[in-house]
Amino acid sequence: MDGHIILSINEGFDRLQRRLVALSVGEEIRASDAAAETGLSEEVCRAVLCGLERAGLMTHRDEDLFERRPLDSINA
């Protein structure tokens, strides 16, 4: 059973990664929507998005909304 749970979590992170990579600059995503799309918890999705914000890849617009930033803004 534990192997199935780990596989399910890995699949959720794979889905989240695909969704985030597909975002265009300026496109927005909500942690709640990411959770619904991936099967991961909203808290996990928010933590990932907050990490991307700290890395300069996302802008946190409000409690649940994040916007994709251009890569050149990282070097600015």
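The values are calculated or read from the model by the stated rules, or taken from the named source; none is laboratory data. Because the structure is a prediction, the values reported are computed rather than measured. So basically every Cβ, Gly included, is an ideal-geometry build from the backbone, and we count neighbours across all protein chains shown.
Using the structure shown, decide if Glu67 is on the phi < 0 side of the Ramachandran plot, assigned to a strand (DSSP E or B), at pLDDT 95 or above and surrounded by 11 or more Cβ atoms within 10 Å (Cβ to Cβ).
yes
Of the conditions (1) surrounded by 11 or more Cβ atoms within 10 Å (Cβ to Cβ); (2) at pLDDT 95 or above; (3) in a helix (DSSP H, G or I); (4) out of contact with any Cys (no Cβ under 7 Å at 6 or more places or on another chain), Glu43 fails just one. Which one is it?
(1)
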